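Working notes for the structure below.
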Amino acid sequence: MTTPTAPTATLRQCVILAGGLGTRLGSITATTPKPVLPVGGRPFLGWLLRELQRWGFEEALLLTGYLADTLRDQVLELAADLPKPMKIVFSVEPTPLGTAGALVHARALLDERFMLCNGDSLLDTNFAPLLAAAAGDPPEILSRLLLRAVDDTTRYGRVSREADRVTGFVQNHPGPGDIHAGYGIFHRDIVAECGTAASLEREVMPRLAAEGRVRAQAGSGYFIDIGIPTDLERARSEIPAHLNRPALFLDRDGVINIDHGYVGGIDRFTFTETAREAIARATNAGWHVFIVTNQSGIARGFYTEGDFATLHRWVQEQVLRSGGTIDDLRYCPHHPEGTIERYAKASDWRKPQPGMLLDLIRAWQLAPSSCHLIGDQPTDLQAAEAAGVRGHLFKGGDLDALVAQIITS
């Protein structure tokens, strides 16, 4: 008998509702689907997918309908500009099916657990608490929604709750309250609850809430829905200002974990005392967090790149459960004295050379003047200087205190 695996905070798939007509935008969406309207130098979905990649999502399943071919072409084009590779999959409604119908139509493409997102709204928040809480939900809970408080819920609909249990959804209710911010963790079993209903928001979710099968997580931060012309125009100036982030580069051994020497597996990985708190602090402050690490243990044959990847997935899971994320990483497996022939060479990615930092700066389109690196060796600081990044030497102790000082300086 196979033992079921415990749910993880790290999810692979995000499912994006991108099939709407965009009628409130009038002629603006006559030839361009709302999710790919230009916003701050890239299609709106380009910003959304970049944000989702920060949390480990590797596949985007787009539920499309209106102008599906146009949307497909633009999404495939913008995917080339994403910081990390991402698998893009499309499910095209044969006729307008509504949000519940679109999900049912795509049922064969759904992971067991996935993030469901609106393709026309964005919340700049820390998703780690949502992901971690959803991983702990019992099987009967089919969804955990991300909520945000607003001054007037009329346009969005109000979500009522008792603690984290959603008790109802109220449409056209004026005044302050919580709204569904357009993100939620869903279980694939919700498809069986959809039937022929056209709307998740108006039909399926209210019934499941009444049955006690929907949970919620409060979120905060900048929120925008581009569904009306005034907010679309506002998004075009505000989104780049919010999402062009400062960045924190972290060396690994001796900074994030105790340097036991050539750490290539979970059994030898020990977080330094406040490393997870430091990463969570930077994440909460809206900073990118990257790892840049020399890994000559691969060149020396102590462990493989596969071993390193397995370890990093575990590290990311622990970080998410602690309230933060590692947006991306770079590592150098090369060393001139390596015993594995294909790795036995010099590399401009090996610190003190700046290659790893420069590649992240390029991929994430960072301003070096807004970047900081923390390392425990002079070679780390030399790499930072060569990349135009401010370097900080960590001599052990309280990493969280150092990160707090950097963020507030």
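Data overview
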| item | result |
| --- | --- |
| Summed side-chain charge close to residue 218 - residues other than residue 218 whose Cβ falls under 11 Å, Lys, Arg +1, Asp, Glu -1 | 0 |
| Rounded to the nearest 20 debye, dipole of the stretch 247-408 from Cβ charges on Lys, Arg, Asp, Glu | 200 |
| Length released on extending from residue 80 to residue 167, taking residue separation times 0.36 nm less the Cα-Cα span | 27.1 nm |
| Stokes-Einstein D for the chain, Kirkwood Rh over Cα pairs, 10 °C, 1.306 mPa s (µm²/s) | 70 |
| Interchain or long-range residues, amide H under 5 Å from residue 330's placed H | 291, 292, 293 |
| Loop trypsin sites (Lys or Arg not before Pro), the stretch 145-198 (other Cβ atoms within 10 Å of the site Cβ: 16 or fewer; DSSP) | 155 |
| Separation of the residue 95 and residue 341 label points, Cα + 7 Å toward Cβ, nm | 6.4 |
| Loop-located GluC sites (Glu not before Pro) in the stretch 188-269, at most 15 other Cβ atoms within 10 Å (DSSP) | 211 |
| Other-chain or far-sequence residues with amide H under 5 Å of residue 39's (modelled H) | 44 |
| Estimated distance in nm for a label pair at residue 401 and residue 382, the labels positioned 7 Å out from Cα along Cα-to-Cβ | 3.0 |
| With eigenvalues of the C-alpha gyration tensor scaled by 5 and rooted, the stretch 43-115, Å | 21, 16, 9 |
| Where the Cα pairs of the stretch 13-243 fall when distances are cut into 10 Å bins, in % | 8, 34, 41, 17, 1 |
| Table column - 3J(HN,Hα) (Hz), the stretch 91-105, Karplus curve with 6.51, -1.76, 1.60, x for Gly and Pro | 10, 9, 5, x, 9, x, 10, x, 5, 5, x, 4, 5, 4, 4 |
| Of 124, 231, 189, the one that fluctuates the most in a GNM where the chain has Cα springs shorter than 10 Å | 231 |
| HN-Hα J in Hz across the stretch 22-39 - Karplus 6.51, -1.76, 1.60, θ = phi - 60°, x for Gly and Pro | x, 5, 5, 8, x, 5, 4, 9, 5, 10, 10, x, 3, x, 10, 4, x, 9 |
| For a label point 7 Å along the Cα-to-beta-carbon line of residue 23, residues of the stretch 220-257 with backbone N under 19 Å | 226-230 |
| Aspartates and glutamates whose Cα lies under 18 Å from that of residue 345, excluding same-chain neighbours fewer than 8 positions away | 305, 337 |
| Nearest 10 degrees, 0 to 90: helix 378-387 Cα axis against the chain principal axis | 50 |
| Charged-residue dipole, Cβ positions (Lys, Arg, Asp, Glu), the stretch 77-221 about Cα centre, Debye nearest 20 | 160 |
| Distance-filtered residues of the stretch 306-345 - backbone nitrogen under 19 Å, label point 7 angstrom along residue 267 Cα→Cβ | 306-315 |
| DSSP bridge orientation in the chain - percent antiparallel, rounded to nearest 5 | 40 |
| Highest-first arrangement of 54-66, 212-224, 332-344, where packing means the average Cβ count within 10 Å | 54-66, 212-224, 332-344 |
| Under-5 Å amide H pairs with residue 161, H placed in peptide plane, nonlocal only | 167 |
| Rounded to the nearest 20 debye, dipole of the chain from Cβ charges on Lys, Arg, Asp, Glu | 260 |
| Mean separation of Cα contacts under 8 Å (6+ apart) over length of the chain, as relative contact order % | 15 |
| Hz values of 3J(HN,Hα) by residue in the stretch 183-191 - Karplus curve (6.51, -1.76, 1.60), Gly and Pro given as x | 9, x, 9, 10, 9, 4, 4, 5, 4 |
| Net charge contributed by nearby residues that have their C-beta within less than 12 Å of residue 252 (K/R +1, D/E -1) | -3 |
| Extreme residue, positive dipole direction of the chain, given options 326, 218, 61 (C-beta unit charges) | 61 |
| Net length gained if the chain between residue 111 and residue 243 were fully extended (0.36 nm per residue, minus Cα distance) | 44.7 nm |
| FRET efficiency, 1/(1 + (r/R0)^6) with R0 45 Å, evaluated for residue 359 and residue 189 via beta carbons | 0.65 |
| Paramagnetic label zone (point 7 Å from Cα along Cα-to-C-beta, residue 259; backbone N under 14 Å) in the stretch 366-382 | 374-382 |
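Since every read-out is calculated from the coordinates, none of them should be taken as a lab result. Everything numeric here is computed off the predicted structure, so don't read it as measured data. Counting neighbours? That spans all protein chains shown, and the Cβs are built from the backbone with ideal geometry, glycine included.
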